[in-house]
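Taking it in order: structure first as structure tokens, then the write-up.
Nothing in this text is a laboratory measurement; each read-out follows from the coordinates by a stated rule. Source: prediction; values computed, not measured. All Cβ positions, glycine included, derive from the backbone under ideal geometry; neighbour counts span all protein chains shown.
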Amino acid sequence: MDFNYTETQTMLRDTLARYLSDRYDHETRMKIVRSDAGWSRDTWKAFAEELGILGAPFAEEHGGLGGGALENMVVMEELGSRLVIEPYLSTVVIGGGFLKAAGGDAAGELIGGIIGGDVLTAFACAEPHARYNWADLKTTARKDGGGWVLNGHKAVVRDAPHATHLIVTARTGGGQRDRDGVSLFLVEKGAKGVSTRDYPTVDGGRASEVYFENASVPASALLGAEGGALPLVEQVIDEATVAICAEAGGVMRQMHLQTLDYAKQRKQFGTAISNFQVLQHRMVDMFMEVEQSVSLTLMATLKLDESAHERAKAVSAAKSRVGKACKFVGQSAIQIHGGMGMTDELAVGHYFKRATMIESQFGSIDHHLSRYERLSIDEAA
């Protein structure tokens with residue numbers, strides 16, 4: 001099997017890497033993180049207009065590059081290498097994934113807005129009680145005349161503070177944890193009855209608690225079939241999970257390179273600590289963890305178009321392995337840097353924070369190991 005990138009994918013990666021190298025260094029990122037907005041609209045516009053990366057996974061008929069999951073993988077790895085906090089995952093991977101599946105003129109118009117940098121989405125799926133069970137919903141939607149009324153609370157909605165639209169899971173039928181009865185809605189964040197409490201996250205991003213109090217939305221807000229959205233939700237979350245695995249590859253590669261560089265400069269007992277055999281072995285182990293994670297991520301990306309069963313197995317295998325690698329590479333980087341590793345002045349500490357968040361985002365190591373085991377047992381039976 002050919003694992004080489006196409007010419008277009010290589011150009012996409014190199015163009016983005018050059019831009020980030022020139023304009024998105026650690027100091028620039030920290031200024032953005034500490035700003036009131038918590039993200040850079042100028043950077044987002046550059047992604048849309050100068051680089052065109054917001055159209056990477058979309059069809060040419062919508063103004064995109066005609067790519068898909070592999071293009072998202074290429075972009076996310078480069079964004080991870082610079083800890084970019086602009087909402088590519090929330091808007092392009094997740095929002096774009098749902099809109100591509102929904103289809104229709106309205107979805108096409110919104111995809112055009114995403115590609116142009118004007119539409120930003122946030123995925124409001126998690127609830128305080130539910131952990132990683134996407135069907136466990138207390139948020140409800142009931143029909144009201146020609147539209148719907150939403151009530152409920154969504155927790156830790158990443159990138160919601162700067163989103164224009166929210167993609168919301170709500171129960172329109174069945175019991176609290178039933179697979180049937182889950183519906184999906186596209187809600188303008190400024191709609192009446194929608195309120196948010198915004199806050200920073202430990203890895204430099206922004207998130208919100210989102211509350212729906214008799215929020216009225218039109219009938220057109222429903223994405224897909226009423227009560228049958230869970231398979232699509234699981235599919236897009238799997239796509240997003242692979243995307244953050246790709247991001248983790250960029251994050252871990254930078255932690256490894258920065259640790260190598262530091263070890264060559266830091267001296268102890270009159271010699272650079274990079275000459276100590278035990279640390280050499282540790283840094284080789286870090287390198288191996290990075291390479292294995294990137295390979296598993298590529299495998300999972302290539303299996304996203306297979307059956308739901310095969311897709312889920314590949315995604316959980318990758319995410320559990322990447323989660324372990326994030327922990328090992330991150331802790332090793334901090335240990336070799338010593339106390340300096342956790343200071344704000346040194347970038348490696350910020351990479352460690354993002355790697356720690358990736359460990360649990362869209363499912364912890366234990367969750368994905370359990371899911372993989374369950375799927376394997378079902379397959380054997």
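Values for this structure:
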quantity	calculated
Zone residues, segment 316-339, relative to ASP261, backbone N less than 20 Å from point 7 Å out along Cα-to-Cβ	329-339
Point-to-point label distance, ARG23-VAL284, nm (Cα→Cβ direction, 7 Å offset)	4.2
Order by protection proxy (mean Cβ within 10 Å, highest first), peptides 130-136, 140-146, 339-345, 208-214	208-214, 130-136, 140-146, 339-345
Dimensions (Å) - segment 70-195, Cα atoms, principal axes, largest first	42, 33, 27
Long pairs among LYS138/LYS353; LYS138/LYS313; LYS324/LYS353; LYS327/LYS353, criterion Cα-Cα beyond 20 Å	LYS138/LYS353; LYS138/LYS313
Translational diffusion coefficient (Stokes-Einstein; Kirkwood radius from C-alpha pairs) of segment 231-380 at 10 °C, 1.306 mPa s, in µm²/s	98
Percent of alpha-carbon pairs separated by more than 29 Å within the chain	42
Virtual spin-label span in nm between SER364 and TYR132, 7 Å along Cα→Cβ	0.9
The chain: angle of helix 105-116 to the longest principal axis, Cα-based, in degrees nearest 10	30
Cα lying deepest toward the dipole's positive end in the chain, options GLY193, SER307, ALA219, charges on Cβ	GLY193
Computed [θ] at 222 nm, helices only, for the chain once each DSSP H run of length n ≥ 4 contributes -39500 (n - 2.57)	-16000 deg cm²/dmol
Among 199-206, 302-309, the order from most to least packed when residues are scored by Cβ within 10 Å on average	199-206, 302-309
Kirkwood hydrodynamic radius of segment 123-227, Cα pairs, Å	13.7
Folded to 0 to 90 degrees: helix 230-265 orientation relative to the chain principal axis, Cα	20
Point-to-point label distance, MET299-LYS324, nm (Cα→Cβ direction, 7 Å offset)	1.2
Pairs of Cα atoms farther than 17 Å apart, segment 7-118, %	51
Charge dipole magnitude, Cβ of K and R +1, D and E -1 - the chain, Cα centre, debye nearest 20	1220
Degrees separating the helix 308-337 axis from the principal Cα axis of the chain, which is the longest one	40
Mean separation of Cα contacts under 8 Å (6+ apart) over length of segment 7-118, as relative contact order %	29
Order of LYS45, LYS353 - criterion: other Cβ atoms within 10 Å of each residue's Cβ, fewest first	LYS45, LYS353
DSSP beta bridges in the chain [antiparallel fraction, %, rounded to 5]	85
Cα centroid separation, segment 155-196 to segment 225-276 (Å)	29
